[in-house]
Amino acid sequence: MDDVAEAIADPVRRAILELLHTGGSAPAGQVASAIGARFEISRPAVSRHLRVLRECGLVHDTLEGRRRVYSLDPTRLGELSGWLARFTAPPIWQQRMDALETEVYRTRRDRLRNPPIGEERTA
């Protein structure tokens, strides 16, 4: 998980991941052109960023003739995502309060639809 967090800490690598996520698989040259223009970095520098992403398992490459085509592999993000979710999930008491609120509204709705015998509907 640490290598994934370290890899996505760099804005160039995040941009590469976004590019592959939105555009699908892309040859290394196309990635280098798009990212190089956006960040004004050289093709060898983009290649090094792709290598870091490949080594931590966030992207996979395949050879198609003489071209190396990169594709996103988001499975390694799952572990990091689960770890982060612990900090963003509502506390258990919040879930219970939400459940109580739902029950209160449901009870009110049911009483308005089917008042107890001897009471009239109000609404």
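Readers should treat all values here as calculations from the given coordinates under stated rules, not as data from a laboratory. All figures in this text were calculated on a predicted structure; none of them were measured in a lab. Neighbour counts run over all protein chains shown; Cβ positions are idealised from the backbone, glycine included.
Pick out, from segment 1-100, the helices (runs of 4 or more DSSP H) lying fully within it that include 3 or more residues that are among the small types (Gly, Ala, Ser).
On the way: elements: 2-8, 11-23, 28-39, 43-55, 75-88.
Helices (runs of 4 or more DSSP H) meeting the threshold: 28-39, 75-88.
Take the residues in segment 21-54 that are more than 25 Å from Asp2 (Cβ to Cβ) and hydroxyl-bearing (Ser, Thr, Tyr), then tell me which one is surrounded by the fewest Cβ atoms within 10 Å (Cβ to Cβ).
First, pick out the residues of segment 21-54 that are more than 25 Å from Asp2 (Cβ to Cβ): 22-30, 32-34, 36-38, 40, 42-44.
Subset that is hydroxyl-bearing (Ser, Thr, Tyr): 22, 25, 33, 42.
Working: Thr22: 8, Ser25: 16, Ser33: 14, Ser42: 10.
The extreme case among them is Thr22.
Checking Gly57 against (1) surrounded by 14 or more Cβ atoms within 10 Å (Cβ to Cβ); (2) within 13 Å of the chain's Cα centre (by Cα), only one condition comes out false. Which one?
Tallying (1) surrounded by 14 or more Cβ atoms within 10 Å (Cβ to Cβ); (2) within 13 Å of the chain's Cα centre (by Cα), Gly57 fails exactly one: (2).
With respect to the numbered conditions (1) surrounded by 13 or more Cβ atoms within 10 Å (Cβ to Cβ); (2) not in a helix (DSSP H, G or I), which one is the sole condition not fulfilled by Arg111?
(2)
Name the residue, out of Asp73, Asp98, that is more than 22 Å from Ala5 (Cβ to Cβ) and among the acidic types (Asp, Glu).
On the way: Asp73 fails: more than 22 Å from Ala5 (Cβ to Cβ).
Of the residues listed, the single one that is more than 22 Å from Ala5 (Cβ to Cβ) and among the acidic types (Asp, Glu) is Asp98.
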